[in-house]
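Following: one structure in structure tokens, then a few remarks.
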Amino acid sequence: MKFTLMQSDFQKALHLVASVVPSKSTLPILETVLIEVAPSGELTLTTTDLDISVKAGRTATVEEGGRVAVAARRLHDVVRELAEQELSLSGDESGLTLKCGSGRYRFVGAAVDDFPGLPDIPDEKKVAIEPKRIEKMIRRTLYAVSTDETRPELTGVFVTISESEMSMVATNGHRLARAAFQRPFKQKCDMLFPPKALNQVLRLLPEADGEIEISGAKNYGRFVFGGTQLYSRLLEGPFPDYERVIPKSNPLRAEIQRGDLLASLRRILVLSDSQTRQVKMVFEPSRLQVLAEYQGAGEAMEELPLDYSGEPLTIGYNGGYLLDMLKTFDTERVAMTFQSSVSAGLFHPIDDEKEESLLCLVMPLRLPDAR
């Protein structure tokens, strides 16, 4: 192979793919980047850790096509330190030589045929979504995934595309977040993505040229951002029937300023139990009391203005869960509905965008003085 391109183009492509390269692997080929050059001028860089693969495309001036696999991080670190200039690269399976100005760098090659292939996902199964929609849904759900590896089906975000909407759901059994975007789609599918794949999606969003294409087949899902593609192995196991745990009737309703509650929780949690992060919330007409107490640390109480007309209600929550949730809301006001002090509370932003919906569920904690 033999080709030339500018340092900034090569460095950006390497940066896009380098983040999935494992620092150490029992399979040395996974520590490499596969560089492929076509006579037409198409340059592609591919990396994988077997769970996630990223493929970035660029245009180069090609004299001779070919393939080579070399240490990804070493190549990236060298190219990153070079000044903006034209780079000349040549090589074969034995290695890659980079020349620029008065510098010359030689990278030993690995067996190209050992590099894992990418999954085959038919293009006809794709749907297209605006980048801002994807980003919003991921940020509104990713925080709620479980870290309990004994229940792998809860350690991912469940993506559903139906005839009328696309939704993302995450839960750890104690809290749940469901974000949806209403729009008709031709394709229907369910995919359970691991968090690290969706974090990579957030990282690659700036590469999107127009809408992002999403598709899935068998055990893999794919996101296409213009000339960059991300493939992810999907998690196994059926996602739980989360609709069953969402209360159908929560007659007690309160509304509050999001900023007020968010700031109060940040202060109150300083004096809460560092393990349970429990806070007590007392709902009364026109006011909300937020309290925390931790032996050996102290206690805290704040009163906030509240729109509430039901019977007084005292309920305990993991304040950290509430804080995580409120950070994902974009509106000024929040609605909260309850049935009792021992049933799930529902939270959603008021005056969210018309085509979007967000529903969050948090299970209460038993208060020490509860009977």
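The values are calculated or read from the model by the stated rules, or taken from the named source; none is laboratory data. From a predicted model like this one, the values you see are computed outputs, not experimental measurements. Note that we place each Cβ from the backbone using ideal geometry, even for glycine, and neighbour counts take in every protein chain shown.
Numbers for the structure displayed
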| quantity | calculated |
| --- | --- |
| Hey, residue 280 touching a residue at least 24 places away in the same chain (Cβ under 8 Å), touching a Leu at 6+ places or on another chain (Cβ under 6 Å) and either over 25 Å from residue 369 (Cβ atoms) or of a type in the set (Lys, Arg) (or both) or not | yes |
| Hits in segment 288-319 - residues which are surrounded by 14 or more Cβ atoms within 10 Å (Cβ to Cβ), modelled with pLDDT under 95 and of a type in the set (Asp, Glu) | 293 |
| Which listed residue, of 67, 74, 80, 139, is in the same structural domain as residue 193 (by TED's automatic domain parsing) and modelled with pLDDT of 95 or more | 139 |
| Residue satisfying condition, being in contact (Cβ under 8 Å) with a residue 12 or more places away in the chain and part of a strand (DSSP E or B), within set 74, 106, 67 | 67 |
| Answer residue from segment 318-347, given it is under 20 Å from the mean Cα position of the chain (by Cα) and outside any loop (DSSP other than H, G, I, E, B) and is farthest from residue 168 (Cα to Cα) among those | 320 |
| Unique match (being in contact with a helix residue (DSSP H, G or I) (Cβ under 7 Å, 6 or more places away or on another chain) and either farther than 24 Å from residue 276 by Cα or not assigned by TED's automatic domain parsing to the domain that holds residue 169 (or both)) among 346, 322, 306, 313 | 322 |
| Residue tally, condition within 19 Å of residue 224 (Cβ to Cβ) and not in a loop (DSSP other than H, G, I, E, B), over segment 10-43 | 9 |
| Checklist (1) at pLDDT below 95; (2) of a type in the set (D, E, K, R); (3) in contact with a helix residue (DSSP H, G or I) (Cβ under 7 Å, 6 or more places away or on another chain) applied to residue 120, failing item | (3) |
| Scope segment 341-361; condition in contact (Cβ under 8 Å) with a residue 40 or more places away in the chain, within 20 Å of residue 284 (Cα to Cα) and either surrounded by fewer than 18 Cβ atoms within 10 Å (Cβ to Cβ) or in contact with a Lys or Arg (Cβ under 8 Å, 6 or more places away or on another chain) (or both); matching residues | 343 |
| Those residues of segment 268-291 which are in a strand (DSSP E or B), under 29 Å from the mean Cα position of the chain (by Cα) and more than 14 Å from residue 336 (Cβ to Cβ), in sequence order | 278 |
| Identity of the residue in segment 81-108, surrounded by 15 or more Cβ atoms within 10 Å (Cβ to Cβ) and of a type in the set (A, V, I, L, M, F, W, C), that ends up nearest to residue 15 (Cα to Cα) | 82 |
| Among the candidates 141, 46, residue that is in contact (Cβ under 8 Å) with a residue 12 or more places away in the chain, of a type in the set (Ser, Thr, Tyr) and outside any strand (DSSP E or B) | 141 |
